[in-house]
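Worksheet: one structure, shown below.
The values are calculated or read from the model by the stated rules, or taken from the named source; none is laboratory data. Just so you know, these numbers come straight off a predicted model, no measurement behind them. Virtual Cβ from ideal backbone geometry, glycine too; neighbours counted across all protein chains shown. Ligands, DNA and RNA are excluded from the accessible area calculation, which covers all protein heavy atoms including side chains. Shrake-Rupley method; radii C 1.70, N 1.55, O 1.52, S 1.80 Å.
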Amino acid sequence: MKKGIKTLLLATMLTFTSISSVSAAPDPYENPINEVPHQAVYIPHASTVSAHLGNNDQDWFYLSAHSTGQQRVLFFPPDYPNNQVYNLAVYEESVLNPGSSSAITHKVVYNTNGSSTELSFPVQAGKRYYVVVAGSSILYHPYTLLVVGQIT
């Protein structure tokens with residue numbers, strides 16, 4: 001009897017373990033995964049990247065400054081649906097400590113018509129800067145970031 005109960009308990013535990021590992025599948029829209037700074041995706045100058053935000057998601061990207069001056073990054077929220085909220089922030093790599101570091105610049109974007117928002121911030125040649133996008137979960141409608149050339 002004890003052996004039967006142990007077998008039943010073991011089978012039940014294995015079943016729950018299998019079910020929980022299946023339900024913890026990665027977000028299919030996170031490719032590549034860029035949830036934290038060390039997973040940030042590189043965005044070259046004069047190029048765009050499109051991505052989706054999932055539930056409790058934040059997307060990290062980085063760029064490298066080729067010269068000292070002002071850097072511009074444009075954020076294009078999805079055209080649909082309206083009334084979504086996005087939080088954008090930029091950090092310099094040497095002081096990066098999300099949650100306790102001060103962002104170089106930060107904007108809250110309320111998407112009401114799909115128009116772009118500009119982040120403009122000072123950069124120094126040779127340094128790396130991180131852009132983080134967080135906010136509304138719009139799995140089927142991507143946002144776009146455009147890294148515009150630097151103003152020296």
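A single entry from Gly135, Gly99 fulfils the requirement of being of a type outside the set (S, T, N, Q), crowded, with 18+ Cβ neighbours inside 10 Å, out of contact with any helix residue (DSSP H, G or I) (no Cβ under 9 Å at 6 or more places or on another chain) and at pLDDT below 90: Gly135. Residues of the range 82-96 that are surrounded by 14 or more Cβ atoms within 10 Å (Cβ to Cβ) and within 13 Å of Ala134 (Cα to Cα): Gln84, Tyr86, Asn87, Leu88, Ala89, Val90.
Quick check on the range 59-81: of everything there that is open to solvent by 70 Å² or more (accessible area, probe 1.4 Å) and within 19 Å of Thr144 (Cα to Cα), which residue is nearest to the chain's Cα centre (by Cα)? Among residues in the range 59-81 that are open to solvent by 70 Å² or more (accessible area, probe 1.4 Å) and within 19 Å of Thr144 (Cα to Cα), the one nearest to the chain's Cα centre (by Cα) is Phe76.
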